[in-house]
Amino acid sequence: MKVEIDLEATDPQGRSFIGWAPVRATARLSEANGPPGPADITLRNGGLAGGGRVVFDLQRSDAGTAELRLTLPADGSEVEFQVAGDFQHPSTDPDDAAIDAIVPAGGVVGRCELMVRIRKNAVKLTPAERDRFLLALGKLNDDGAGPFQSFRDTHVDSSRAEAHGYPGFPPWHRAYLLDLERSLQAIDPAVALPYWRFDEPAPGLFAPEFFGMPSADPAQGDVIQFPHGHALEFWKTDPTHDPIERRPRYDIAVAPPQSVGGQPFVIDQAATLALGSGRYRGFRMMEIAPHGNAHTSFDGPVNSVPTAAKDPLFFLLHANVDRLWAFWQWLNRRTDPNDPDTYHLSGPVRPPNNIGHKLDDTMWPWNGSTTPPRPTFVPPRGSFASSPITARPGAQPTVRDMIDYQGVHGGAALGFDYDDVPFELRP
Ligand SMILES: [Cu+2]
């Protein structure tokens, strides 16, 4: 007897990737040489020890279990089930997770390898995970000649109003990060964007083998000193010049300060999650503290909107901003876009600056709009990067498309998850 297991979240090369949100899968008898009639099998986690783990259910739920019994018809027709990553058991390597189909006697009659691909805290990556990420990033930059240019040229002064200062700040940046992550995954599908928890010490991130540090002597300038052979050694923030320049204004043995001069600065996670008492209108003020202050904790391009995305640290900083939003959404059940506490365009409509911030607005640059006050150009990469594992959010995402990223209210997930934010269906 043989059982064939297929996942919806599979790319054309046959590689499957899941997160915490369940995805549809099927099992069928592909070779029925056992006793005639239907076959009883059990689906079970079959991954490597310490690797990604999976859970199963018959319906899309947040109550998946480690085993699931199925009866497969003798005629080979498919039986549907749902599979999800087992929260807090992400993969570290491609295909270190697997679904095994077991017969009652105990033999494995089918197997489907996959990856539980999750965005993780940068300082908790294995050296192999870190290096895969850096290698993909270096290739995307390609010494300043690669597609990274297009991302660098998206987060600029002329797009400031599209992406900042209004309620669309979190959704626009969620889209921007996902677009970049998908571009990295086109290079290495096992990569997920790590995040920098700026409210915790992260000396492992500002280490030579990761994002590096400038010379200890400020007189030598702020150019990051990468060891020879590092994937970002020849990173160019612009095609012809400018390596990465960055100098922390705080001691990297600790986190940036939570307050400066009595004012909130890089406030910690608990203080961030408490902003606005569960209402988006107040929560989005996190754009200033901690987000803006995390940027200004450095000298260098990363501390200013028009240049920040030249430094790849931008994307780890913003992955944490996005994670905080995702965590807040989970904590407060803020996944229904129609709930004004989930998304709220506050204050009077102030055209034209709030263009791109209303719930059903498409967003520049993915919408291709070059009508002022938007930028009068579109970066060369064009519409939003597609994913082989999910159809969402489409080529021209709206603000709404970014909110329920796990598909809690139905529909497919956007295809990313954070290591400490579960999938939960709630009343
Ligand atoms: Cu930012």
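The values are calculated or read from the model by the stated rules, or taken from the named source; none is laboratory data. Bear in mind the structure is a predicted one, so any value in this text is a computation, not a measurement. Every residue, glycine among them, receives a Cβ derived from its backbone with ideal geometry; neighbour counts consider all protein chains shown. Only protein heavy atoms, including side chains, enter the accessible area calculation; ligands, DNA and RNA are left aside. Shrake-Rupley method; radii C 1.70, N 1.55, O 1.52, S 1.80 Å.
Mind checking Rg over Rh on segment 2-116, alpha carbons, Kirkwood formula for Rh?
That ratio is 0.96, to two decimals.
Can you give the calculated 222 nm mean residue ellipticity of the chain, where each DSSP H run of n ≥ 4 adds -39,500 (n - 2.57) and the sum is split over every residue, rounded to the nearest 500 deg cm²/dmol?
-5000 deg cm²/dmol, from helical runs alone.
Using only protein heavy atoms and a 1.4 Å probe, report how much of residue 79 is accessible, in Å² to the nearest 10.
Taking all protein chains as shown, residue 79 has close to 30 Å².
Could you count how many Lys pairs in the chain have their Cα atoms under 26 Å apart, skipping same-chain pairs fewer than 8 positions apart?
Counting lysine pairs in the chain gives 8.
Need one number: nm distance between label points at residue 58 and residue 247, each 7 Å from Cα along Cα→Cβ, rounded to one decimal.
Label-label distance for residue 58 and residue 247, simple model: 6.6 nm.
By accessible area of protein heavy atoms, probe 1.4 Å, what ranking do 120, 310, 139, 358 get, highest first?
The most accessible residue leads, giving 139, 358, 310, 120.
Where nothing but the Cβ of Lys and Arg (+1) and of Asp and Glu (-1) is charged, how large is the charge dipole of the chain around its Cα centre, in debye to the nearest 20?
The calculated dipole for the chain is roughly 880 debye.
What residue among 105, 271, 163 shows peak mean-square fluctuation when the chain is described by a Gaussian network model with Cα springs under 10 Å?
105
Pop the C-beta distance of residue 209 and residue 65 into the FRET formula with R0 = 56 Å and round what comes out to the nearest 0.05.
0.90
Can you tell me the length gained on complete extension of the stretch residue 409 to residue 187, counting 0.36 nm per residue apart and subtracting the Cα distance?
Working it through step by step, the gained length comes to 76.8 nm.
Just from the alpha-carbon atoms, what are the Rg and Dmax of the chain in angstroms?
22.8, 81
Which three semi-axes in whole Å describe the equivalent ellipsoid of segment 93-165, each the square root of 5 times a Cα gyration tensor eigenvalue, listed largest first?
41, 16, 13
Give me the accessible area per residue for the chain, probe 1.4 Å, as a whole number in Å².
On the way: 17170 Å² over 427 residues.
Spelled out: the 1.4 Å probe surface of the chain, per residue, equals 40 Å².
Provide the per-residue ³J(HN,Hα) series for segment 262-276, in order, calculated from phi with Karplus coefficients 6.51, -1.76, 1.60 and θ = phi - 60°, each as a whole number of Hz, with x at glycine and proline positions.
x, 9, x, 10, 8, 5, 6, 4, 4, 5, 5, 5, 7, 4, x
Could you work out the relative contact order of segment 122-402, using alpha carbon pairs under 8 angstrom and six or more residues apart, expressed as a whole percent?
Details: 451 pairs, mean separation 65.0, N = 281.
It comes to 23 percent, rounded to a whole number.
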